[in-house]
Amino acid sequence: MHRLSLYGALVALLLALAPVSAAPGKFYIIGMGTSPDLVTVRGDRILRQADLFIVEDDSDRQAWKEYIGDKEVWVAPHGSRVGYGIDPNEVKDPDLRQLVIQNAKHRQEAVDKIRQAVEAGKTVVAPCWGDAMVYGTLWYLEMLPKDFPSEVIPGVGAFEAGSAALKKSTTFGWDTNSVILTMGDFVGRVDTNEKLMRIGTSLVIYTMHLDYPKVFGQLKRHYPANTPVAVVCYAGDPEKQKVIYSTVGRFLSEVDYQNLPADLHILFVGKFLEKGQARIDGLIGARRFIERQHGSK
Ligand SMILES: C[S@@+](CC[C@H](N)C(=O)[O-])C[C@H]1O[C@@H](n2cnc3c(N)ncnc32)[C@H](O)[C@@H]1O
């Protein structure tokens with residue numbers, strides 16, 4: 001055999017015998033936005049290269065079928081979060097204890113699945129409605145080792161999409177400059193809504209199992225009755241988005257709150273809805289800073 005072709009054959013043989021180093025796998029939690037056309041460019045790129053999807057139920061599988069196609073899916077049920085953070089031995093009711101134990105098992109199975117797939121070089125994706133960092137599902141990440149290859153890709157959540165629908169920013173509020181994101185109170189919560197309301201700043205209330213009469217009873221104690229309120233339904237959805245305006249005093253009597261789309265509406269409260277960006281001091285105190293940073297014209 002010619003010397004050069006012998007050399008080529010040897011190189012080919014060595015390459016064939018060399019261990020194939022698997023591309024490193026990674027786990028992503030991706031904020032999917034509140035509407036399919038609100039997924040970010042970065043999220044879209046990762047979704048297209050995913051090998052395994054972790055979803056919470058069949059409706060998720062349906063919602064993201066364009067990305068999922070015939071790729072592998074693992075269902076980590078939404079309800080398996082129930083019991084997270086609780087020691088089953090401290091649960092007295094035997095049925096409840098059983099549920100807590102079973103859910104812990106479901107969570108561990110999902111985490112084991114993610115771990116094995118990533119270690120095998122796969123891209124694993126857990127899509128999350130809106131933005132994962134606001135009341136999203138994060139226990140997978142928290143249960144994985146700290147140095148596990150992972151990334152959270154931000155998304156457009158109900159807060160951002162809802163504010164955009166209102167075309168007014170909650171961070172303004174005439175004589176307030178902050179916003180509180182909250183939800184209904186629960187047993188053991190120490191930052192109760194009544195305490196938060198005492199500040200009188202803009203409030204954004206996520207509405208999962210919200211007790212409207214209770215919340216509005218509290219609001220009436222801390223906000224003037226004419227304080228504007230808005231409900232944004234299907235925030236960010238180009239076809240279905242709808243805004244309902246009212247006030248703290250009139251809401252319960254004029255809004256059909258019992259028939260709002262479950263888990264697909266969000267409540268905004270505060271002067272920002274009326275005042276917009278206008279500020280009590282007209283920003284006069286900040287003029288030197290503004291001139292320095294942005295020029296005097
Ligand atoms: C468990 S939280 C999840 C929030 C989500 N991670 C986000 O960033 O939008 C669910 C709550 O978010 C609000 N929400 C979610 N999607 C919405 C939408 N499309 N329009 C209005 N509110 C929405 C509702 O108040 C719902 O009860």
> What is the one condition in (1) part of a loop (DSSP other than H, G, I, E, B); (2) more than 9 Å from the ligand (Cβ to nearest atom); (3) within 26 Å of Asp37 (Cα to Cα) that Asn177 does not satisfy?
Replying inline: (3)
> In the stretch 64-96, which residues are open to solvent by 80 Å² or more (accessible area, probe 1.4 Å) and assigned to a helix (DSSP H, G or I)?
Replying inline: Lys65, Glu66, His78, Asn89, Glu90, Pro94, Asp95, Leu96
> So, in the stretch 212-245, of the ones that are of a type in the set (Gly, Ala, Ser) and exposed (fewer than 14 other Cβ atoms within 10 Å of the Cβ), which residue ends up nearest to the ligand (Cβ to nearest atom)?
Replying inline: Gly217
>> So if I check each of Met143, Met183, which one is under 22 Å from the mean Cα position of the chain (by Cα) and either at pLDDT below 95 or more than 27 Å from Arg45 (Cα to Cα) (or both)?
In response: Met183
> In the set Gln49, Gln108, Gln98, which member is farther than 30 Å from Val187 by Cα and among the polar types (S, T, N, Q)?
Replying inline: Gln49
> Mind checking which residues of the stretch 246-297 are in contact with a helix residue (DSSP H, G or I) (Cβ under 8 Å, 6 or more places away or on another chain), away from the ligand (no atom under 16 Å from the Cβ) and farther than 16 Å from Ala225 by Cα?
Replying inline: Leu283
>> Test of understanding: among Thr176, Thr171, Thr192, which residue is open to solvent by 20 Å² or more (accessible area, probe 1.4 Å), modelled with pLDDT of 95 or more, of a type in the set (S, T, N, Q) and more than 30 Å from Ala286 (Cβ to Cβ)?
In response: Thr192
> When you scan the stretch 257-282, how many residues do you find that are aliphatic (A, V, I, L, M) and open to solvent by 70 Å² or more (accessible area, probe 1.4 Å)?
Replying inline: 3
>> Pairs needed: first member in the stretch 76-95, of a type outside the set (Val, Ile, Thr); second member anywhere, open to solvent by 40 Å² or more (accessible area, probe 1.4 Å); C-beta distance under 6 Å; at least 6 residues apart or different chains.
In response: His78/Asp57; Ser80/His106; Pro88/Arg97; Pro88/Ile101
> Of these, Gly79, Gly136, which one is touching a strand residue (DSSP E or B) at 6+ places or on another chain (Cβ under 6 Å) and in the same structural domain as Ile46 (by TED's automatic domain parsing)?
Replying inline: Gly136
> When the stretch 113-164 is examined, which residues are found to be within 8 Å of the ligand (Cβ to nearest atom) and among the small types (Gly, Ala, Ser)?
Replying inline: Gly130, Ala132, Gly136, Gly155, Gly157, Ala158, Ala161, Gly162
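The values are calculated or read from the model by the stated rules, or taken from the named source; none is laboratory data. Just so we're clear, the structure is a prediction, and the values are computed from it rather than from any experiment. Please note: Cβ atoms are built from the backbone with ideal geometry, for glycine as well, and neighbour counts cover all protein chains shown. Just the protein is used for accessible areas: all its heavy atoms, side chains included, with ligands, DNA and RNA removed. Shrake-Rupley method; radii C 1.70, N 1.55, O 1.52, S 1.80 Å.
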